[in-house]
Amino acid sequence: MSGRLDRLAPSQETRLAALRDEWRAIGLAAGPADRLRAERAAREAYRAAGLPPPSLFLWVRSPLEGVLGAMHLAVLGAGAAPSPARLRLAAALRAAYADLVGRPGGEPWGRAWAPLEAAPGDALVRFMGRTLMDSRGVRDQVARRLPGTVGRAVRSVVGQRVAEQVRRELQGDVRHHVLRRVWAPTVAEIQSRAWERLRDHVEGHHAGRWPWARAWSVVRDLYRLVAIQDALHAPARDRTTPDWLAAYDFFGSVLGVDAVRHLRGSMDLARAAGWWWWPHRGAVLLGERPDHVLLDDQGRLHGPRGPALAYPDGWTVWAWHGVRVPRGVIENPESVSAREVLAEPDVEVRRIMIERVGHERLIRDGGARRVAEDDTGILWRLDLPEDEPLVCVEVTDATATFRRYVLRVPPDSRSPREAVAWTFGVEPGEYRPIAES
Amino acid sequence: MFRQGDVLLLRVDDMPSGRPVEAERGRLVLARGEATGHHHSVAVEDAELVDAAEGVFLRVMASTPVVHQEHAPITLNPGTYRVVRQREYLPGAIDRMVALLD
């Protein structure tokens with residue numbers, strides 16, 4: 001007996017399950033943040049880490065606004081008065097953002113962008129620009145070192161077995177449902193679609209001036225300098241995400257580990273606002289929660305009729321059972337052409353497009369080959385790059401109306417009869433209806 | 001073997017045991033279209049329908065027509081039939097199986 005707890009009592013296991021549900025709900029919550037409470041919690045988190053509390057709270061209405069807004073501030077605010085090249089880059093960032101949230105110019109930008117509308121030499125912009133470049137020490141302290149200290153206190157009280165159980169049943173579950181299912185695709189959306197759009201605008205703003213590739217390399221540097229990478233990939237290193245906080249919450253509130261109180265600020269911030277926040281020296285960037293998050297029964301992002309994820313600034317993510325797809329595929333599949341489907345390089349996305357567009361139209365418009373024909377119907381084949389071919393049987397209905405319909409069948413089907421027999425689960429030789437209608 | 005649109009009726013020897021399906025307004029519904037609500041059905045007084053582990057089975061006591069809103073009726077002779085609903089191929093089935101096994 002080492003004196004460390006090595007088995008949970010049944011009542012403690014019950015609490016473990018309750019905290020799992022609670023932290024899952026915190027991580028997936030939607031709706032406006034309680035800003036006053038969140039700002040108070042952020043001050044407490046800084047104090048607990050031995051840092052002076054932040055004097056400026058910068059709220060962003062989506063992770064996208066956080067990323068592009070931070071880069072924008074850094075471009076305008078860092079160093080001396082910005083050069084024409086930096087002004088052009090700032091314009092590209094604003095244009096990309098407006099484009100991605102579907103808001104043409106003239107609409108209010110909100111607080112995050114307010115300093116940006118001021119003159120580039122403005123004191124607030126300069127302060128933000130500088131402070132955004134100076135996040136690493138603060139982030140390490142608040143999100144890594146302090147929780148690390150608490151973790152050591154936990155280990156002195158809690159045995160390996162119990163720690164494993166908490167990691168598996170509580171932390172692992174919350175991590176899966178919040179970070180893997182929702183946060184990871186959100187980040188991927190920024191790094192693919194949003195990034196492409198930004199690239200287009202950077203290119204556009206530099207046409208005929210200096211090589212856009214150089215401007216693009218500045219964007220990459222900014223990305224590194226303002227530590228967006230860190231913020232977006234926080235789950236990899238930070239310990240203030242809901243999965244870690246859930247575990248600390250259990251060690252503190254159920255097992256009575258006193259040191260956990262140092263994380264009260266981070267926990268309260270997660271409850272009051274999103275848990276996506278970004279500590280800097282003297283300023284903290286806080287993220288609003290989405291207006292809605294739609295999930296399927298496996299907890300994957302899934303918006304069958306509209307965006308699966310919608311943020312208050314208008315930024316949205318469309319997804320079908322966890323796969324991010326372009327808007328039209330969800331909201332207007334009839335507008336998606338067969339050519340677009342066939343040109344889609346991502347196999348997963350293409351499969352969803354095929355399902356949404358419909359086999360019949362794809363066979364008709366996609367240049368399918370007529371493989372065989374017999375008295376049961378016609379067999380069509382459309383080859384797809386890096387995927388199994390789309391093989392369909394066009395079934396003839398022997399009714400007076402003579403309707404036809406198209407069904408997808410296994411790619412190795414050789415004749416319409418074999419294909420139709422497969423659809424009914426019988427052998428081709430056995431498929432002989434004596435009456436049909 | 002009879003086919004009416006997306007439903008195939010196969011003669012079998014025995015009726016397996018299973019949960020009897022209740023009639024709706026005097027009709028036993030063999031299969032229903034998801035979008036249209038159209039259905040393939042027979043009159044309850046001529047038949048019984050069972051939902052078994054092996055599938056859905058229909059026993060016909062007296063010759064009876066299978067009726068559907070968009071198809072001509074098909075007359076079934078007395079006997080036992082397995083009701084097969086037409087299926088479609090889902091791509092990636094192999095990938096999913098491999099993923100499950102990994």
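The values are calculated or read from the model by the stated rules, or taken from the named source; none is laboratory data. What you see is a predicted model, and the numbers here were worked out from it, not measured in a lab. As a convention, Cβ positions derive from the backbone with ideal geometry for all residues, glycine included, and neighbour counts pool all protein chains shown.
Numbers at a glance
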quantity: Scope segment B:26-35; condition at pLDDT 90 or above and assigned to a loop (DSSP other than H, G, I, E, B); matching residues; calculated: B:26
quantity: Filter result (in contact with an Asp or Glu (Cβ under 8 Å, 6 or more places away or on another chain) and not in a loop (DSSP other than H, G, I, E, B)) within segment A:39-75; calculated: A:40, A:41, A:44, A:57, A:59, A:60, A:64, A:65
quantity: Residue within segment A:330-338 that is crowded, with 22+ Cβ neighbours inside 10 Å and touching a strand residue (DSSP E or B) at 6+ places or on another chain (Cβ under 8 Å) present; calculated: no
quantity: Pairs where the first residue, in segment A:16-36, is β-branched (Val, Ile, Thr) and the second is in a helix (DSSP H, G or I), C-beta under 7 Å, 6+ apart; calculated: A:26/A:242; A:26/A:270; A:26/A:271
quantity: Residue in segment B:92-99 that is assigned to a loop (DSSP other than H, G, I, E, B), at pLDDT below 95, within 25 Å of residue A:356 (Cα to Cα) and in contact with a helix residue (DSSP H, G or I) (Cβ under 6 Å, 6 or more places away or on another chain) present; calculated: no
quantity: Residue, farthest from the chain's Cα centre (by Cα), within segment B:17-37, restricted to residues that are within 14 Å of another protein chain (Cβ to nearest Cβ), of a type outside the set (Ser, Thr, Tyr) and over 13 Å from residue B:66 (Cα atoms); calculated: B:35
quantity: Residue in segment A:412-420 that is within 11 Å of chain B (Cβ to nearest Cβ) and over 28 Å from residue A:346 (Cβ atoms) present; calculated: yes
quantity: Scope segment A:362-389; condition surrounded by fewer than 17 Cβ atoms within 10 Å (Cβ to Cβ) and either among the hydroxyl-bearing types (Ser, Thr, Tyr) or within 40 Å of the chain's Cα centre (by Cα) (or both); matching residues; calculated: A:364, A:365, A:367, A:369, A:381, A:383, A:385, A:386, A:387, A:389
quantity: Selection within segment A:333-352 - more than 12 Å from every other protein chain (Cβ to nearest Cβ) and either more than 27 Å from the chain's Cα centre (by Cα) or part of a helix (DSSP H, G or I) (or both); calculated: A:333, A:334, A:335, A:338, A:339, A:340, A:341, A:342, A:343, A:349
quantity: Segment B:58-85, subset in a loop (DSSP other than H, G, I, E, B) and at pLDDT below 90, residue farthest from the other protein chains (Cβ to nearest Cβ); calculated: B:69
quantity: Matching entry among A:262, A:280 (being touching a helix residue (DSSP H, G or I) at 6+ places or on another chain (Cβ under 9 Å) and within 24 Å of residue A:71 (Cα to Cα)); calculated: A:280
quantity: Residue within segment A:373-384 that is in a strand (DSSP E or B) and closer than 17 Å to residue B:85 by Cα present; calculated: no
quantity: Any pair with Cβ under 7 angstrom, 6 or more apart, that starts in segment A:421-437 at a residue that is more than 7 Å from chain B (Cβ to nearest Cβ) and ends at one that is part of a loop (DSSP other than H, G, I, E, B); calculated: A:421/A:427; A:421/A:431; A:422/A:409; A:422/A:410; A:422/A:413; A:431/A:424
quantity: Pick from segment A:250-267, criterion aliphatic (A, V, I, L, M) and within 30 Å of the chain's Cα centre (by Cα), ranking: surrounded by the fewest Cβ atoms within 10 Å (Cβ to Cβ); calculated: A:260
quantity: Number of positions in segment A:404-422 that are buried (at least 17 other Cβ atoms within 10 Å of the Cβ) and more than 19 Å from residue B:11 (Cβ to Cβ); calculated: 11
quantity: Options B:51, B:14; residue that is assigned to a strand (DSSP E or B) and either free of Cβ contacts under 8 Å to residues at least 40 places away in the same chain or away from chain A (no Cβ under 14 Å) (or both); calculated: B:51
quantity: Qualifying residue in segment A:390-399 (condition: part of a strand (DSSP E or B), away from chain B (no Cβ under 13 Å) and among the hydrophobic types (A, V, I, L, M, F, W, C)); calculated: no
